[in-house]
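Let me begin by presenting the structure, written as C-alpha cells, before commenting on it.
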Amino acid sequence: MELATWILVIILSVTLFIFLVVGIILMVRLIGVTKEANKIMLQGQDIAEKADDIADNVRDMTTVGGLVKHFVNNVLDEDDRRHKKGHRK
C-alpha cells in the first residue's frame, strides 16, 4: 500500500476507536441518568398523590356539603357513644 492509504486507514481507525469509547461511556452515563430520572418520577407521583389527598380533605372541609357531612358524622358518633353508655348501665 501507499503511504497515503496507510495514513487514511490509521486516521479512520483512531477516529472509530475514539467514537466507540466515547459512545460506550455516554451509554453508561445515560443508563445511570435514566435510573435517577425513574426514581425522581416515582417520588413525584407519590407527592402528587399526597397533594391530591390533601386537596380532597381541604375541599371536603371548606365546602358546605363537606362541613355538613363532618357535622353529621360527629353527631352520629356522639349518639352512638351515648347509646353504648346507656346499654351498659
In cubic angstrom per residue, the convex hull of region 10-58 built on its Cα atoms measures 44 Å³
Here region 71-79 yields Karplus 3J(HN,Hα) values (6.51, -1.76, 1.60; θ = phi - 60°; whole Hz; Gly and Pro given as x) of 5, 5, 4, 5, 5, 5, 5, 5, 5
Taking only Cα atoms of the chain, the Rg to Rh ratio with Kirkwood Rh works out at 1.71
In the chain, taking the dipole from +1 charges on Lys and Arg beta carbons and -1 charges on Asp and Glu beta carbons about the Cα centre, the listed residue (Asn57, Leu3, Phe71) farthest towards the positive end is Phe71
For the chain, the longest principal axis of the Cα atoms and the Cα long axis of helix 3-62 enclose an angle in degrees, to the nearest 10, of 10 degrees
Check: in the chain the Lys pairs 8 or more apart or on separate chains whose Cα atoms fall under 29 Å apart number 5
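Where a number appears in this text, it was derived from the coordinates with a stated rule and is not lab data. The structure presented is a predicted model; accordingly, all values stated were derived computationally and were not measured. So basically every Cβ, Gly included, is an ideal-geometry build from the backbone, and we count neighbours across all protein chains shown.
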